[in-house]
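Just below is one structure, and these are the notes that go with it.
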Amino acid sequence: MILIVNGEKIEFKDEGNILEVINSLENKSEYFAVALNKTFIPKSQYLNIRLKENDQLEVVTPHPGG
Amino acid sequence: MWELFGKKINSRLLLGTSRYPSLDILKECIGESGCEIVTVSLRRSGNGKENGFFKALKDLNLNLLPNTAGCTSVHEAVTTAYMARELFNTDWVKLEVIGDDYTLRPDPFGLIEAAKILINDGFKVFPYMTEDLVVAERLLNIGCKVLMPWASPIGSGQGITNILGLKMMRERFKEIPLIVDAGIGRPSDAALAMEIGFDGVLLNSAVSLAVNPPEMAKGFSLAIKAGRSGYLAGIMEKREFASPSTPVVGKPFWHGNFSK
């Protein structure tokens, strides 16, 4: 399954829910929030949503800002 | 002491956390400035350094004001605000909807639309805007409780380029907390904003890009306090003539005329 994670195509062997996909990523952050196909997904939904081919996942973390 | 959304705040300086030489220098600047509110952002996962950044801010027990920096559409800004609310555990958001890439001028139409969506969902919106009175009025009408006009374009260090516009905002919206956000370059810019009655100043690059950021943070803290005192004290009117400050009466050698 190909997913677009933070703008990059990544191939995953197995299908999975949001949490499973995030756990399999390199450079994981302790703190993060997620948007799927440009829609915010609250943490409470991570286990309920299974990702599909070509889904776009944004995983964002706290950064400095002005 | 002033209040923002029911929170009592001592410092009138709000500090951005971006572009500091190091995390330690950022922490030192926060300490020197005495600020209690700092702005933060959301970005795609990086190299893990963000964990240290966030933990450091949490340890300092500051009020976090997440921004939607760089968002150019209502949808982007709203989605970013939702992610920020969960991640930073706050309903405060510095709402930026950028309308022009070159000047980073806010898009007033997108700003109002996004603010309306977020306010209806319980957000406390700090809108990054220009000094446009009509936009200000609309934002207040949809439920904004604070306004944040720019002094000049973000990161430009140009200072206040439209002092008349900011004075008119202060005059028109007497009861609304007004914070100058963006474009401040030097402590005297911040002092001027406070002298004309603004409630606070939000700045970032002026400190982070200074040769000695902690010293500059201290300078801004003092300037903002000085400007506030000047406003509260009531500044004298300018005159077009001289008026001796030392009494003339009793001056030695006084003859009542200027003949030598």
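In summary, helices (runs of 4 or more DSSP H) completely within the stretch B:180-260 and bearing 1 or more residues that are hydroxyl-bearing (Ser, Thr, Tyr) and in contact with a Ser or Thr (Cβ under 6 Å, 6 or more places away or on another chain) occur at B:213-233. Within the stretch B:99-126, the set of residues being more than 22 Å from B:Pro177 (Cα to Cα) and within 13 Å of chain A (Cβ to nearest Cβ) comprises B:Leu104 only.
Could you check the stretch A:24-43 and list, in sequence order, the residues that are of a type in the set (Ser, Thr, Tyr) and more than 23 Å from B:Thr68 (Cα to Cα)?
To start, the set of residues in the stretch A:24-43 that are of a type in the set (Ser, Thr, Tyr) comprises A:24, A:29, A:31, A:39.
Across the stretch A:24-43, the qualifying residue is only A:Ser24.
Tally time: how many residues in the stretch A:35-58 are in contact with a helix residue (DSSP H, G or I) (Cβ under 6 Å, 6 or more places away or on another chain) and surrounded by 18 or more Cβ atoms within 10 Å (Cβ to Cβ)? Counting residues in the stretch A:35-58 that are in contact with a helix residue (DSSP H, G or I) (Cβ under 6 Å, 6 or more places away or on another chain) and surrounded by 18 or more Cβ atoms within 10 Å (Cβ to Cβ) gives 3.
When you scan the stretch B:101-119, how many residues do you find that are under 15 Å from B:Ala77 (Cβ atoms) and free of Cβ contacts under 8 Å to residues at least 12 places away in the same chain? Total meeting the criteria: 1.
Residue check: is A:Phe40 modelled with pLDDT of 90 or more and under 30 Å from B:Ser22 (Cβ atoms)?
Numbers: modelled with pLDDT of 90 or more: yes; under 30 Å from B:Ser22 (Cβ atoms): no.
Here the answer is no, as A:Phe40 does not meet what is asked.
Assess whether B:Arg19 counts as being facing another protein chain (nearest Cβ under 9 Å) and more than 21 Å from B:Ile184 (Cα to Cα). Answer is no for this residue.
Okay, residues lined up against (1) at pLDDT 95 or above; (2) more than 20 Å from A:Pro62 (Cα to Cα):
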residue: B:Ile30; (1), (2): yes, no
residue: B:Glu36; (1), (2): yes, no
residue: B:Lys49; (1), (2): no, no
residue: B:Phe54; (1), (2): no, no
residue: B:Thr79; (1), (2): yes, no
residue: B:Ala84; (1), (2): yes, no
residue: B:Asp107; (1), (2): yes, yes
residue: B:Met129; (1), (2): yes, yes
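The values are calculated or read from the model by the stated rules, or taken from the named source; none is laboratory data. Small disclaimer: the values here were computed from a predicted structure and weren't measured. Note that we place each Cβ from the backbone using ideal geometry, even for glycine, and neighbour counts take in every protein chain shown.
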